[in-house]
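Undergrad: Below are the structure tokens for one structure; questions will follow.
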Amino acid sequence: MILFKKITDLRNWLESQRKNGKSIGFVPTMGALHQGHLSLIETSKQKAEVTVCSIFVNPTQFNDPADFSKYPVTIEKDIELLAAAGSTALFLPDVPEIYPNGRPESKKYELGYLETVLDGSSRPGHFQGVCTVVERLLEIVAPDHLMLGQKDYQQCLVITRLLALMGNAGNGIQIHICPTLREENGLAMSSRNMRLNEADREKAALIHQSLLQIREELQPGELAPLKHKISGLLSSDGFQPDYVELANAKTLALVEVWDGKEELVALIAAFLSGVRLIDNMLVHKATE
Ligand code: AMP
């Protein structure tokens with residue numbers, strides 16, 4: 001695996017790969033890698049001839065500075081894992097390399113409704129920050145294939161929108177949404193899980209169990225009673241739920257009354273011992 005810290009070096013190398021007719025797969029991450037990230041590398045290896053992984057803890061997407069400063073960094077282990085997983089290259093820039101003129105404030109991405117719900121409303125500015133860094137990285141790497149995790153469901157929709165906003169530069173990029181990898185107890189793998197102690201990592205599996213329960217108990221009609229019940233169960237087990245929601249799987253429009261047909265995704269965000277955890281599950285697939 002080749003390690004690049006500078007944009008120019010990465011671009012030159014990518015240019016030579018393209019000249020040799022190689023397709024490029026890209027896996028952007030914030031490091032503290034786990035098997036979920038590595039499954040994206042695996043997908044990239046199937047879709048493209050060359051895989052570039054980036055590790056960059058992007059300051060512009062953290063609305064809470066404490067969350068940014070506590071974000072786990074395990075770079076040496078990450079490099080070993082990526083090399084073993086067969087990533088062709090790692091892009092490991094520092095902050096001035098990505099933002100040479102300081103924090104970019106001027107550009108506003110028109111994300112519309114997507115920015116007003118769920119993580120959009122709970123984490124103001126978060127998706128603008130995600131778009132800023134992803135657009136920058138996509139301009140640098142110009143991949144053919146982009147691997148994203150379903151774990152960050154809303155982020156997948158935001159980045160799909162970003163590609164549309166990028167016009168020609170985004171048109172040629174094919175997004176692949178990869179399934180959420182879980183611990184044995186069902187907890188969605190996440191770099192943030194490192195901040196949980198062992199007892200909390202066991203307890204955190206309740207988020208996945210709650211999603212399963214929603215899928216099980218889902219009935220056409222008013223959804224508020226089910227959402228309140230699940231939120232109450234999480235609270236009584238020591239979580240501070242941020243949201244328990246059911247939404248249209250394509251648009252993320254929140255669904256209050258379900259007709260029994262609309263494709264639905266259940267999404268949960270909850271704090272446990274001060275760590276914000278998110279997870280989601282497609283709970284109903286459209287039949288026609
Ligand atoms: P992050 O480093 O958390 O920004 O994540 C980098 C990429 O890995 C994103 O596309 C995430 O959605 C994806 N990812 C994170 N956790 C998982 C998981 N448990 N399973 C699959 N993909 C994941």
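The values are calculated or read from the model by the stated rules, or taken from the named source; none is laboratory data. Owing to the predicted nature of the structure, the values given are computational and were not obtained by experimental measurement. Because the Cβ atoms are built from the backbone with ideal geometry, glycine has one as well, and the counts that use them run over all protein chains shown.
Undergrad: Inside region 137-147, can you point out the residues that are within 23 Å of T60 (Cα to Cα) and more than 14 Å from the ligand (Cβ to nearest atom)?
TA: Residues satisfying the conditions are E139, I140, V141, A142.
Undergrad: Something else now. Please go through region 187-235 and pick out each residue that is under 23 Å from D259 (Cβ atoms) and either under 19 Å from the mean Cα position of the chain (by Cα) or within 16 Å of the ligand (Cβ to nearest atom) (or both).
TA: Across region 187-235, the qualifying residue is only L211.
Undergrad: Sticking with this structure for a sec: Being modelled with pLDDT under 95, in a loop (DSSP other than H, G, I, E, B) and touching a helix residue (DSSP H, G or I) at 6+ places or on another chain (Cβ under 6 Å) is the filter here, so list the residues in region 47-102 that pass it.
TA: Hits for region 47-102 are N58, F62, N63, P72.
Undergrad: Within region 20-36, count every residue that is within 9 Å of the ligand (Cβ to nearest atom) and within 15 Å of C156 (Cβ to Cβ).
TA: Residues meeting the conditions: 4.
Undergrad: Still on this structure, please answer the following. Among the residues of region 148-177, write down those that are closer than 26 Å to K70 by Cβ, touching a residue at least 40 places away in the same chain (Cβ under 8 Å) and either out of contact with any Phe, Trp or Tyr (no Cβ under 6 Å at 6 or more places or on another chain) or within 9 Å of the ligand (Cβ to nearest atom) (or both).
TA: Residues satisfying the conditions are L148, G149, Q150, K151, D152, Y153, Q154.
Undergrad: Also, I was wondering about something else. Residues being touching a helix residue (DSSP H, G or I) at 6+ places or on another chain (Cβ under 9 Å) and under 20 Å from G31 (Cα atoms): count how many of those fall in region 193-204.
TA: So the count comes out to 3.
Undergrad: Among what's in region 259-288 and is small (G, A, S) and closer than 12 Å to S210 by Cβ, pick the residue that is surrounded by the most Cβ atoms within 10 Å (Cβ to Cβ).
TA: Among residues in region 259-288 that are small (G, A, S) and closer than 12 Å to S210 by Cβ, the one surrounded by the most Cβ atoms within 10 Å (Cβ to Cβ) is A266.
Undergrad: Would you check which residues across region 44-55 are among the polar types (S, T, N, Q) and either within 10 Å of the ligand (Cβ to nearest atom) or over 30 Å from K19 (Cα atoms) (or both) and list them?
TA: S54
One line per residue, one yes/no per condition, for (1) over 19 Å from G274 (Cβ atoms); (2) crowded, with 21+ Cβ neighbours inside 10 Å; (3) small (G, A, S); (4) more than 9 Å from the ligand (Cβ to nearest atom):
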site: E42; (1), (2), (3), (4): yes, no, no, yes
site: V57; (1), (2), (3), (4): no, no, no, no
site: T60; (1), (2), (3), (4): yes, yes, no, yes
site: K70; (1), (2), (3), (4): no, no, no, yes
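Undergrad: Considering every residue within region 1-19, establish whether at least one is within 10 Å of the ligand (Cβ to nearest atom) and either touching a residue at least 12 places away in the same chain (Cβ under 8 Å) or hydrophobic (A, V, I, L, M, F, W, C) (or both).
TA: no
Undergrad: Please state which of the following conditions Q240 fails to meet, knowing it meets all the rest: (1) free of Cβ contacts under 8 Å to residues at least 40 places away in the same chain; (2) crowded, with 20+ Cβ neighbours inside 10 Å; (3) among the polar types (S, T, N, Q).
TA: Of everything listed in (1) free of Cβ contacts under 8 Å to residues at least 40 places away in the same chain; (2) crowded, with 20+ Cβ neighbours inside 10 Å; (3) among the polar types (S, T, N, Q), Q240 misses just condition (2).
Undergrad: Out of all the residues in region 265-283, is one or more among the charged types (D, E, K, R) and under 28 Å from Y71 (Cα atoms)?
TA: Scanning region 265-283, I find at least one residue that is among the charged types (D, E, K, R) and under 28 Å from Y71 (Cα atoms), so the answer is yes.
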